[in-house]
1. With the structure loaded, tell me whether A:Leu80 is more than 14 Å from every other protein chain (Cβ to nearest Cβ) and surrounded by 22 or more Cβ atoms within 10 Å (Cβ to Cβ) or whether it fails that test.
2. Can you confirm whether B:Asp145 is under 22 Å from B:Ser80 (Cα atoms), modelled with pLDDT of 90 or more, in contact with a strand residue (DSSP E or B) (Cβ under 6 Å, 6 or more places away or on another chain) and of a type outside the set (Val, Ile, Thr)?
3. Out of B:Ile25, B:Ile90, B:Ile81, B:Ile49, which single residue is of a type in the set (Val, Ile, Thr), touching a helix residue (DSSP H, G or I) at 6+ places or on another chain (Cβ under 7 Å) and within 13 Å of chain A (Cβ to nearest Cβ)?
4. Please count how many residues of the stretch B:67-78 are of a type outside the set (D, E, K, R), within 12 Å of chain A (Cβ to nearest Cβ) and touching a residue at least 24 places away in the same chain (Cβ under 8 Å).
5. So the check is Cβ under 6 Å with 6+ separation or different chains; which pairs have a first residue in the stretch A:220-245 that's more than 12 Å from A:Leu153 (Cβ to Cβ) and a second one that's surrounded by 18 or more Cβ atoms within 10 Å (Cβ to Cβ) and among the acidic types (Asp, Glu)?
6. Say we look at the stretch B:93-112 and pick out the residues that are among the basic types (Lys, Arg) and in contact with a Gly (Cβ under 7 Å, 6 or more places away or on another chain); which of these is nearest to the other protein chains (Cβ to nearest Cβ)?
7. Output yes when any residue across the stretch A:161-171 is of a type outside the set (Ser, Thr, Tyr), without any contact (Cβ under 8 Å) to a residue 40 or more places away in the chain and out of contact with any Cys (no Cβ under 8 Å at 6 or more places or on another chain), and no when none is.
8. Can you tell me which residue is surrounded by the fewest Cβ atoms within 10 Å (Cβ to Cβ) among those in the stretch B:16-34 that are out of contact with any Gly (no Cβ under 9 Å at 6 or more places or on another chain), in contact (Cβ under 8 Å) with a residue 40 or more places away in the chain and over 15 Å from B:Ile214 (Cα atoms)?
Amino acid sequence: MTTHGAHATDVLLRRSLRHIRRSPDTIITTAITPIVMLLLFVYVFGGAIHVGGGSYVSYLLPGILLVTVASGIAYTAFRLFTDVSGGIFERFSSMPITRSAFLWSHVVTSLVANLVSLVLVVVVALAMGFRSGAGVLAWLGVLGIMVLFTLALTWLAVIPGLTATSVDGVSGFSYPLIFLPFVSSTFVPTQGMPGPVRWFAEHQPVTSIVDTVRHLFAQQPVGNDGWVAVAWCVGVLLVAYVLAMRTYRSKVA
Amino acid sequence: MTTTPAILTTALTRSYDDQPVLRGIDLSVPSGTIFALLGSNGAGKTTVIRILSTLLKADGGTAVVNGYDVATHPARVRESISLTGQFAAIDEILTGRENLVLIAQLRRLEQPGRIADDLLARFALTDAGRRRAATYSGGMRRRLDIAMSLIGNPPVLFLDEPTSGLDPQSRIEVWKTVRELAGQGTTVLLTTQYLDEAEHLADRIAVLHEGRIIADGTLAELRQLFPPATVEYVEKQPTLEDIFLAIVGHDDAPTNDALT
């Protein structure tokens, strides 16, 4: 990005962060679904789930963090949709500013909003008994993988944000992403699943990301999972970025 | 007034899914004038505006704005124009003042706060300036929208149906603003489906019908296309607009002097 583009991105970023400050409910709503899941699984189903050593809340939290991001990006798509359908997008596009600044401001806003929601969820988990002896490096590792994951899903969310024709279409796309963790190692170990389901669970991105974060929290070696997780995030990020940019260009001539 | 037109299009064409919308548009808008593109819904008015403001590519033909070709120098064109689209392009979550400051900052102007306050005063929005734009009436939104377009004094202004959905008073306010702008040398291309708007406001009028310009000229020139006027004696009845403005006590009722 040129300094020109950086300036416009900065101005537009401050604009959409102001939007979030004026409707903090979007952050709360984002955090509510994962927090309810956390409560439900720890206090209702948790007694019947055996995951080996350690508390269930510590086992569950990594997957719940992914659910948080998956529900958070629905607002990313919604904010984009609001701008595009309202006309302010055309105003920005016809102004002498770097055109990609508009998208970047929304992407960075999504990152900030999701990180705040993630902090909320971690605080609730701590209150419920989540403990980790992870050091600074391991926490940075968790942060890094969550940032990558958020960026990947954010660029994915840009596509419906730009193309949707109704609010329903915008928010609908994130539901499958919220349910993907159910068929993974998020809630129960994959060993108990029947053959094809287990194969899917072990080969979809959520399991490798969840296992990586779990190992980091538990101060265990991350092993191969770490690379697989990073590869998935970067892969989805690149594909989503290219598709989102292509959609964007077709939108602004 | 310079001799180079501010906007010049030749044989502009555009189709959507094999459905031709523009079938060869030739327009020449002299600098500093108000040009009205008149047409019914679906005539292609918005498509012309979108091509001229670099939001849409033409399939064929050329379009030059302020001396720059929209296809080859879109960034230069964007430095020369401002667009006020059909739907008020304002940020509803921000206040009126914040909307203006935002545009001034994006245009990298000095003292964005002062620019915003000046425009709020000019468009009678000072009291509303600290309220969120979502609470504004239709007329206030449109005024804010146009005020945002004036930031940075672009030489060419596109107004796409600037008065649709406005009450008569707001409509007259918009007309007044447009006249002032043209008086200061800004070239204004506006689209409208209201005949009286084109008649009251425009120096030149082009009639767009089914993707073609079927008439283009000053009001006097267009009048000559029709059979000579016959003299009839009729009682001059006030129009409903005259009555409305008289009873709501508006002091800026339209007079017929704009026609002479």
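The values are calculated or read from the model by the stated rules, or taken from the named source; none is laboratory data. Just so you know, these numbers come straight off a predicted model, no measurement behind them. Note that we place each Cβ from the backbone using ideal geometry, even for glycine, and neighbour counts take in every protein chain shown.
1. no
2. Criteria met by B:Asp145.
3. B:Ile90
4. Residues in the stretch B:67-78 being of a type outside the set (D, E, K, R), within 12 Å of chain A (Cβ to nearest Cβ) and touching a residue at least 24 places away in the same chain (Cβ under 8 Å): 1 in total.
5. Within 6 Å, the pairs are A:Asp225/A:Asp211.
6. So the residue we want is B:Arg107.
7. For the stretch A:161-171, residues of a type outside the set (Ser, Thr, Tyr), without any contact (Cβ under 8 Å) to a residue 40 or more places away in the chain and out of contact with any Cys (no Cβ under 8 Å at 6 or more places or on another chain): present.
8. Among those that are out of contact with any Gly (no Cβ under 9 Å at 6 or more places or on another chain), in contact (Cβ under 8 Å) with a residue 40 or more places away in the chain and over 15 Å from B:Ile214 (Cα atoms), it is B:Pro30.
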